[in-house]
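One structure is given here, and the rest of the page talks about it.
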Amino acid sequence: MSGAAGPLGWAVILATFLVAGFVKGVVGLGLPTVAVGLLATVMSPAQAAALLIVPSFVTNIWQLLVGPRFGALVLRLWPMMVAIAAGTVASAGLIAGAKGPGPASALGIALVAYAGIGLAGLSLRVPARAEPWLSPLVGLLTGLVTGATGVFVIPAVPYLQALGLDRDQLIQALGLSFTVSTVALAAGLA
């Protein structure tokens with residue numbers, strides 16, 4: 001969908017954001033994952049990712065700031081967040097500059113991997129002693145996937161779930177991760 005979108009294009013965009021917003025409201029995550037997946041059927045993944053910057057940023061900032069443990073989470077997760085930002089900015093050229101089926105294929109692989117992990121019902125735990133080296137590694141991998149696909153759930157979401165955070169901390173940690181990913185993707189696409 002290049003140039004101006006016609007009425008059908010705008011209807012698809014509106015319906016996509018309604019569905020993705022509903023998923024985000026019910027589950028607490030999924031706006032970019034659902035929206036990029038659906039929008040990529042009518043436009044390039046780079047265009048879909050660009051459309052998501054503002055709505056994703058607004059919803060993730062709200063999710064981040066609502067919780068009571070912002071400072072503690074930043075202190076705990078900053079190595080992961082720095083690595084997410086670096087990986088996303090470094091790889092954003094993949095989604096923005098690639099032609100052909102590459103970006104769409106990468107997006108499909110990321111979405112299938114995320115669905116597979118969710119459906120498998122894996123319950124992983126990360127020991128505290130592994131966090132100092134595992135957090136930056138997971139952050140870098142998440143950033144690379146984000147830059148290539150426009151979605152930022154793999155492997156960040158399963159990793160954050162494996163940290164044993166309580167519900168409120170997890171929701172706030174997801175908001176932190178998604179906010180950093182959104183800002184880094186915007187910077188990389190710019």
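General remarks:
- Failed criterion for L122 (all others in (1) surrounded by fewer than 12 Cβ atoms within 10 Å (Cβ to Cβ); (2) closer than 28 Å to V89 by Cβ hold): (2)
- Qualifying residue in the range 53-60 (condition: modelled with pLDDT of 85 or more and either crowded, with 21+ Cβ neighbours inside 10 Å or in contact with a Pro (Cβ under 7 Å, 6 or more places away or on another chain) (or both)): no
- In the set G71, G21, G25, G9, only one residue is part of a helix (DSSP H, G or I), surrounded by fewer than 17 Cβ atoms within 10 Å (Cβ to Cβ) and touching a Pro at 6+ places or on another chain (Cβ under 9 Å); that residue is G21.
The values are calculated or read from the model by the stated rules, or taken from the named source; none is laboratory data. None of the values given here were measured: they were computed from a predicted structure. Every residue, glycine among them, receives a Cβ derived from its backbone with ideal geometry; neighbour counts consider all protein chains shown.
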